[in-house]
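Undergrad: Encoded as structure tokens, here's the structure I'll be asking about.
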Amino acid sequence: MVITMKRLLGKLMGQRGLKTAAVAGAWVCLCLSGCGIGGGGKDLEERKAIIDDYKTIILAKDQDSARFDQALSILEEYVENPGAEKKEEVSAAFWAIADQMEADSQGFAPCQVSEDMETLLTNQGISVVEYESGADLRYTELEDYIQSLSFLGFYLEMSDLDEMAMEDLEAALERYQKYQKVQRAYGYTEVNYWFAPWGEKEREYIEEQVFGQLTSLEAEDETWENDRDAVEKKLNGYLDELEGLLDELAEFLGESTEKLYEMME
């Protein structure tokens, strides 16, 4: 367990920049694919078809986010009501979620749009390559969730060593909850960026078919922006928050795991 945790910590410390780059990469994809959207005379049915396709992408990401939310909620219940019996119950439910996300990651298939969808995207000025790349970011996000669950699972297993170990679990949980809240907001706002310049009818369709079906992705600021620069400002704000929270998380994990190692020696 100690060796595994050290490897995980090293991976996090070494990939802090990669994590930020992955999130920023989504932003770059959106920037590149956004050019040309919103010209006059575009067919509403084409846009609805694109929204329907995008819906499958964002709802899959929303499902992953919801599962991570559930794992955090399970741990929160344990922190509030600890005990040997409760720990056994929580551990079973927690690792079942981790195993499911691992299976989803292993079964992930890169996005490849159909020829018909490729034509629609091209007609609407959306880069097919960047659209597919944006969809494939789900794999990176899944891997991040799995790594986070590994860290949290370590703290869960160590939580009954003493009072400090339980406090470490609670502190780790709090930090991941803060990080997840910003991640959810970023994912929600990302939808706005893809379709910002489109008209009111498309906006209503997005509200019904996408936002109306999300169970996890959400933002305190749900204002729909028609100007892509305004959406960019929001996204950049979330990126800054994520980077800061990731630095804090890495520092905490390094300090707390070192103390746990000393206790176990």
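Undergrad: Does VAL182 meet the test of being closer than 20 Å to ALA66 by Cα, among the aliphatic types (A, V, I, L, M) and touching a residue at least 40 places away in the same chain (Cβ under 8 Å)?
TA: Details: closer than 20 Å to ALA66 by Cα: yes; among the aliphatic types (A, V, I, L, M): yes; touching a residue at least 40 places away in the same chain (Cβ under 8 Å): yes.
Spelling it out, VAL182 is indeed closer than 20 Å to ALA66 by Cα, among the aliphatic types (A, V, I, L, M) and touching a residue at least 40 places away in the same chain (Cβ under 8 Å).
Undergrad: With under 29 Å from GLU46 (Cβ atoms), open to solvent by 30 Å² or more (accessible area, probe 1.4 Å) and either assigned to a helix (DSSP H, G or I) or modelled with pLDDT under 95 (or both) as the only criterion, which of GLU174, GLU170, GLU207 stands out?
TA: GLU207
Undergrad: Suppose we keep only residues that are open to solvent by 20 Å² or more (accessible area, probe 1.4 Å) and not acidic (Asp, Glu) within segment 149-162. Which one would you say is nearest to GLU241 (Cα to Cα)?
TA: Applying the filter and picking the extreme gives SER150.
Undergrad: Quickly run through segment 215-252 and pick out the residues that are open to solvent by 30 Å² or more (accessible area, probe 1.4 Å) and not in a helix (DSSP H, G or I).
TA: THR215, GLU218, GLU220, ASP221, GLU222, THR223, TRP224, GLU225, ASN226, ASP227
Undergrad: Which residue, of LEU149, LEU121, LEU156, is under 16 Å from the mean Cα position of the chain (by Cα) and of a type in the set (A, V, I, L, M, F, W, C)?
TA: After applying the criteria, what remains is LEU149.
Undergrad: Next question, about the same structure. Take residues that are modelled with pLDDT of 50 or more and of a type outside the set (Ser, Thr, Tyr) and tell me which of the helices (runs of 4 or more DSSP H) falling wholly in segment 1-87 contain 3 or more.
TA: Output list reads 2-14, 44-80.
Undergrad: If you go through segment 115-133 one residue at a time, how many are of a type outside the set (D, E, K, R) and within 13 Å of TYR54 (Cα to Cα)?
TA: Selection size over segment 115-133: 7.
Undergrad: If a residue has to be crowded, with 16+ Cβ neighbours inside 10 Å and closer than 30 Å to ILE126 by Cα to count, how many in segment 102-115 make the cut?
TA: Selection size over segment 102-115: 4.
Undergrad: On the basis of being open to solvent by less than 10 Å² (accessible area, probe 1.4 Å), in contact (Cβ under 8 Å) with a residue 12 or more places away in the chain, of a type in the set (Gly, Ala, Ser) and not in a loop (DSSP other than H, G, I, E, B), does ALA165 make the cut?
TA: Spelling it out, ALA165 is indeed open to solvent by less than 10 Å² (accessible area, probe 1.4 Å), in contact (Cβ under 8 Å) with a residue 12 or more places away in the chain, of a type in the set (Gly, Ala, Ser) and not in a loop (DSSP other than H, G, I, E, B).
Undergrad: Go through segment 115-132 and count every residue that is part of a loop (DSSP other than H, G, I, E, B) and either modelled with pLDDT of 95 or more or not hydroxyl-bearing (Ser, Thr, Tyr) (or both). Outline the logic, then answer.
TA: First pass over segment 115-132, keeping only residues part of a loop (DSSP other than H, G, I, E, B): 124-127.
Still in the list and also either modelled with pLDDT of 95 or more or not hydroxyl-bearing (Ser, Thr, Tyr) (or both): 124-126.
Of the residues in that region, 3 qualify.
Undergrad: Could you pull out the residue among GLU118, GLU88 that is of a type in the set (Asp, Glu), without any contact (Cβ under 8 Å) to a residue 12 or more places away in the chain, open to solvent by 50 Å² or more (accessible area, probe 1.4 Å) and within 30 Å of ARG47 (Cβ to Cβ)?
TA: Testing whether each residue is of a type in the set (Asp, Glu), without any contact (Cβ under 8 Å) to a residue 12 or more places away in the chain, open to solvent by 50 Å² or more (accessible area, probe 1.4 Å) and within 30 Å of ARG47 (Cβ to Cβ) leaves just GLU118.
Undergrad: Quick test of your reading of the structure: PHE94 fulfils all but one of (1) surrounded by 14 or more Cβ atoms within 10 Å (Cβ to Cβ); (2) at pLDDT below 95. Name the failing condition by number.
TA: Going through (1) surrounded by 14 or more Cβ atoms within 10 Å (Cβ to Cβ); (2) at pLDDT below 95 one by one, PHE94 breaks only (2).
Undergrad: Scanning for something open to solvent by 50 Å² or more (accessible area, probe 1.4 Å) and without any contact (Cβ under 8 Å) to a residue 40 or more places away in the chain, does segment 133-142 turn up at least one residue?
TA: Checking segment 133-142: at least one residue is open to solvent by 50 Å² or more (accessible area, probe 1.4 Å) and without any contact (Cβ under 8 Å) to a residue 40 or more places away in the chain.
The values are calculated or read from the model by the stated rules, or taken from the named source; none is laboratory data. What you see is a predicted model, and the numbers here were worked out from it, not measured in a lab. Methodologically, a virtual Cβ is constructed for each residue, glycine included, from the backbone with ideal geometry; neighbour enumeration extends over all protein chains shown. Keep in mind that these areas ignore ligands, DNA and RNA; they rest on the heavy atoms of the full protein, side chains included. Shrake-Rupley method; radii C 1.70, N 1.55, O 1.52, S 1.80 Å.
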